[in-house]
1. Only one of 419, 359 is over 27 Å from residue 535 (Cα atoms), touching a residue at least 12 places away in the same chain (Cβ under 8 Å) and part of a loop (DSSP other than H, G, I, E, B); which?
2. Just need a number here: residues in the stretch 64-74 that are surrounded by fewer than 20 Cβ atoms within 10 Å (Cβ to Cβ), in contact (Cβ under 8 Å) with a residue 60 or more places away in the chain and touching a strand residue (DSSP E or B) at 6+ places or on another chain (Cβ under 9 Å).
3. Name the single residue that is farthest from the chain's Cα centre (by Cα) among those in the stretch 388-405 being over 18 Å from residue 469 (Cβ atoms) and in contact (Cβ under 8 Å) with a residue 60 or more places away in the chain.
4. May I ask you to list the residues in the stretch 92-123 that are at pLDDT below 90 and touching a strand residue (DSSP E or B) at 6+ places or on another chain (Cβ under 9 Å)?
5. From the list 294, 277, 327, 308, which residue is under 16 Å from the mean Cα position of the chain (by Cα) and exposed (fewer than 14 other Cβ atoms within 10 Å of the Cβ)?
6. So the check is Cβ under 7 Å with 6+ separation or different chains; which pairs have a first residue in the stretch 544-560 that's in contact (Cβ under 8 Å) with a residue 40 or more places away in the chain and at positive phi and a second one that's assigned to a loop (DSSP other than H, G, I, E, B) and surrounded by 15 or more Cβ atoms within 10 Å (Cβ to Cβ)?
7. Within the bounds of the stretch 152-164, is there any residue that is modelled with pLDDT of 95 or more, touching a helix residue (DSSP H, G or I) at 6+ places or on another chain (Cβ under 8 Å) and under 23 Å from residue 87 (Cα atoms)?
8. Touching a residue at least 60 places away in the same chain (Cβ under 8 Å) and either assigned to a helix (DSSP H, G or I) or surrounded by 12 or more Cβ atoms within 10 Å (Cβ to Cβ) (or both): is that true of residue 165 in this structure?
């Protein structure tokens, strides 16, 4: 009798807590007829009965009034998790007895007949509150979160630093780690607010995050198109923080809980000119682009720095947890590309690039699926890492200053000691376009026009790319000696021969070329230049002089010297 009395007193006290100090009465978890939400009973007046009963309860605590699911849940999984997921247990099983949709809301143990629900309650069975038995699109639950996991993951806080109200249940993350079912002080019964991702950051400690743009940007949605954010009361990128890209429940992109299944849509939700100042989506729709739309679920966050299967996704070049705005001098990586994997000039994989070109080398160097050149060269080489090697006979100064000490056509501030970025040439075209090789109207995603077609009439527009660094007038009229100027004017202006007929814009590998035959980026375009008597070569004979053996435009040089 004493035990029953104590149980009754405890339950009365529990009802009091539910009704007042924890305010369940005024939350959508009040499923009684007096509830404030659409999901509620047609006639039941008791409030706590839908979860708790003092008699005939489930052995699960606290005095549980429902069966618990016996389902075999599909668990969250990804290539980057270090935790060991398990079937839901503890308080999570109790939550799922309503939220997995397998047991009717009115099916409680203390009533012989099922409690009726109003017709408006039907959407609960099919809406966002029904997580189903497929939990692969929801934040993991029922896994051990300990110091070992924190160390192994590298981006989780040590659980010893967790403080109330974020708590573990017997060392495990459960639904109640983030949600208090009795209090809806914050949205979705969260235990603490998640503006600026305050709740997420209780456990997650992402590398680079505290300096990143997605944490600190004050950019707002301009009202055009679709609102990119779930929280209509969060006005800036910084306020949405993690939730700019991630959904903790029912995420379309299951791995890493992305808002959208197609990777690029998570970026273009804001980078379409409606939040971010630059419209990247517009650039990607140009004729030549890193076409992110062509690939679906090929990229993996855990993939090797050296790309083994061809694809281009935003996150191949940008780390969304690190990306921020700051400038740098070539060849050092700039803020938008900080924290990205790459391949260095020696061919070694690196987890964090130091130089911008190391990002390009991921796909355009040793990758087995790297794209090939469209120009038929005398010396064929598609590995740009080898083309830019500092031991080469000649190369454009991407990985370091060039080897030619005499380049009189350079426009200030460029000099023979200058280093340039890949993106000085390969980038979005047009004034005020965003930096980087997103998209262009010119082939090879070039920032300016660079004609490689034979019989092109010389003009500033035809070779605008070259003329950004090399003075046009110097090249065709004012070289150090008159004869050299005549040579370029003769070929480029009078013969309509493109620069690319003789010059390979990247460089010539030292494993294939040499400083006698391939100085000054000489590597002939075989579709324009042919051998003469089986010989096709250029010989460097000294400063501003050389000899050619070739046939071009009906003229035979066997040899032809320029001195």
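The values are calculated or read from the model by the stated rules, or taken from the named source; none is laboratory data. Owing to the predicted nature of the structure, the values given are computational and were not obtained by experimental measurement. Virtual Cβ from ideal backbone geometry, glycine too; neighbours counted across all protein chains shown.
1. Details: 359 fails: part of a loop (DSSP other than H, G, I, E, B).
Residue meeting the stated conditions: 419.
2. 1
3. Within the stretch 388-405, the subset over 18 Å from residue 469 (Cβ atoms) is 389-393.
With the extra rule that they be in contact (Cβ under 8 Å) with a residue 60 or more places away in the chain, the set shrinks to 389, 391-393.
On the way: 389: 28, 391: 34, 392: 34, 393: 37 Å.
My answer is 393.
4. Restricting attention to the stretch 92-123, the residues satisfying the condition of being at pLDDT below 90 are 118-123.
The answer is 118, 121.
5. Numbers: 277 fails: under 16 Å from the mean Cα position of the chain (by Cα); 327 fails: under 16 Å from the mean Cα position of the chain (by Cα); 308 fails: under 16 Å from the mean Cα position of the chain (by Cα).
None of the others qualify; the one that does is 294.
6. Between residues of the stretch 544-560 that are in contact (Cβ under 8 Å) with a residue 40 or more places away in the chain and at positive phi and residues that are assigned to a loop (DSSP other than H, G, I, E, B) and surrounded by 15 or more Cβ atoms within 10 Å (Cβ to Cβ), the close pairs are 553/495; 553/497.
7. yes
8. Values: touching a residue at least 60 places away in the same chain (Cβ under 8 Å): no; either assigned to a helix (DSSP H, G or I) or surrounded by 12 or more Cβ atoms within 10 Å (Cβ to Cβ) (or both): yes.
Against the criterion (touching a residue at least 60 places away in the same chain (Cβ under 8 Å) and either assigned to a helix (DSSP H, G or I) or surrounded by 12 or more Cβ atoms within 10 Å (Cβ to Cβ) (or both)), residue 165 does not qualify.
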